[in-house]
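Remarks on the structure that follows.
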Amino acid sequence: MHSNRPFVHRFKAMTVPCEVQLFGSLKASQIAEMIEQNTRRLEQKYNFYSKQSWLTRELNQRSGQSVLLDDESLVVFQTLKNLVKGTAGVFDPTVGSLKWLLAKNASLSRAQVYQMAQPMMGEEAWHLEGSQLCISHQETRFDLGGVIKEFAIDQAFNLAQSLGVTAALINFGGDIRVLGSKPNQEAFNVAVVNPNDPTQAFFSLPLANSALTTSAHYERKTQFSDEQTSHILSDKGTHPKVLSVTVVAPSALEAGAISTALTIDPLLPVPDEVGVIFIDDQLKIHQDTEFLTQ
């Protein structure tokens with residue numbers, strides 16, 4: 001493999017197209033295959049919609065109020081708890097409770113679903129005691145769809161780095177993490193799409209040793225009996241002036257949780273090492289929140 005050209009591997013997982021670009025390794029094809037296999041493993045394990053997944057069988061269909069977590073799941077939920085706290089509870093993996101209620105009764109209105117789900121959701125609905133995940137409400141359901149893709153990206157990054165890859169770009173459906181820079185020392189240039197026309201690039205950013213995710217509500221919707229809303233679920237809805245939020249952070253998991261939370265509450269404080277770009281309802285780009293008061 002020529003050192004200045006990447007080995008490119010493409011596949012589809014977690015409902016999105018995935019691309020892995022690897023530089024600087026003669027074993028790039030084997031590493032890319034390992035990344036794909038691990039991504040598919042995570043998809044099977046944590047799939048909210050699969051009756052056979054660990055998430056469904058062991059956690060969401062639990063018989064008691066606690067579940068013993070394996071080492072990997074413990075890391076996932078420890079990280080989730082930190083992200084929930086860091087976003088003041090706006091990012092909420094118990095949103096699966098809403099989806100579970102809707103699946104049981106599609107005639108429920110939006111207000112009815114949120115009222116019924118309220119006791120099942122939120123930061124106080126679950127906690128960790130050692131390796132035990134403790135859940136106070138029997139009907140609480142966890143949906144990790146908003147984090148496992150990013151977790152898989154971070155694992156792909158770690159795998160590539162541990163096996164000697166000198167530079168890499170991991171892109172799962174527009175959520176991206178970059179290792180190093182290109183062999184010519186240029187940063188990877190990453191495009192962010194127009195929220196009103198996702199087939200068109202709107203702006204681009206240089207990335208090196210960082211992750212980028214974009215949260216928006218132009219692709220998927222949630223249907224209640226009385227209205228259709230963004231797939232990003234919150235009792236107060238997504239902010240009407242925010243069409244999309246792009247976040248650059250050290251890890252894909254952190255970037256994804258923050259970008260999702262900021263579509264709901266764009267005034268949330270973010271860590272110093274995190275960069276944020278908003279696209280407003282007039283298709284204007286902002287790096288601060290002054291536009292919210294204009």
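The values are calculated or read from the model by the stated rules, or taken from the named source; none is laboratory data. Values in this document were obtained by computation on a predicted structure and should not be read as measured data. Note that we place each Cβ from the backbone using ideal geometry, even for glycine, and neighbour counts take in every protein chain shown.
Results, tabulated for the structure shown:
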| quantity | calculated |
| --- | --- |
| Candidates Leu55, Leu80 - the one that is within 30 Å of Leu267 (Cα to Cα) and either under 21 Å from the mean Cα position of the chain (by Cα) or of a type in the set (Lys, Arg) (or both) | Leu80 |
| Some residue of the stretch 183-201 being in contact with an Asp or Glu (Cβ under 7 Å, 6 or more places away or on another chain) and at negative phi | yes |
| Unmet criterion (only one of (1) under 14 Å from Asp143 (Cβ atoms); (2) free of Cβ contacts under 8 Å to residues at least 12 places away in the same chain; (3) in a loop (DSSP other than H, G, I, E, B)) for Ala103 | (3) |
| Candidate set from the stretch 260-294 (those that are without any contact (Cβ under 8 Å) to a residue 24 or more places away in the chain and assigned to a helix (DSSP H, G or I)); member that is farthest from Val193 (Cα to Cα) | Thr293 |
| Residue in the stretch 85-104 that is in contact with a Lys or Arg (Cβ under 7 Å, 6 or more places away or on another chain) and of a type in the set (Asp, Glu) present | no |
| Tally, over the stretch 140-192, of residues that are touching a residue at least 40 places away in the same chain (Cβ under 8 Å), surrounded by 19 or more Cβ atoms within 10 Å (Cβ to Cβ) and of a type in the set (A, V, I, L, M, F, W, C) | 18 |
| Extreme residue, nearest to Phe77 (Cα to Cα), among residues of the stretch 242-259 that are part of a helix (DSSP H, G or I) and not hydrophobic (A, V, I, L, M, F, W, C) | Glu254 |
| Those residues of the stretch 51-71 which are over 17 Å from Gln138 (Cα atoms) and either surrounded by fewer than 14 Cβ atoms within 10 Å (Cβ to Cβ) or in contact with a strand residue (DSSP E or B) (Cβ under 9 Å, 6 or more places away or on another chain) (or both), in sequence order | Lys51, Gln52, Leu69, Asp70, Asp71 |
| Filter pass, Ala152 being touching a helix residue (DSSP H, G or I) at 6+ places or on another chain (Cβ under 6 Å) and not assigned by TED's automatic domain parsing to the domain that holds Val67 | yes |
| In the stretch 1-26, the residues that are of a type in the set (A, V, I, L, M, F, W, C) and outside any strand (DSSP E or B) | Met1, Met14, Leu26 |
| Residue selected from the stretch 27-55 under the condition part of a loop (DSSP other than H, G, I, E, B) and of a type in the set (Lys, Arg), by the criterion nearest to Leu133 (Cα to Cα) | Lys51 |
| Odd one out for Glu124, checked against (1) surrounded by fewer than 15 Cβ atoms within 10 Å (Cβ to Cβ); (2) touching a helix residue (DSSP H, G or I) at 6+ places or on another chain (Cβ under 8 Å) | (2) |
| Every residue from the stretch 52-105 that is touching a Pro at 6+ places or on another chain (Cβ under 9 Å) and closer than 19 Å to Leu42 by Cβ | Phe77, Leu80, Leu83 |
| Qualifying residue in the stretch 15-30 (condition: among the hydroxyl-bearing types (Ser, Thr, Tyr), in contact with a Leu (Cβ under 9 Å, 6 or more places away or on another chain) and in contact (Cβ under 8 Å) with a residue 40 or more places away in the chain) | yes |
| Test: residue in the stretch 38-46 that is of a type outside the set (A, V, I, L, M, F, W, C), closer than 18 Å to Pro119 by Cβ and surrounded by 18 or more Cβ atoms within 10 Å (Cβ to Cβ) | no |
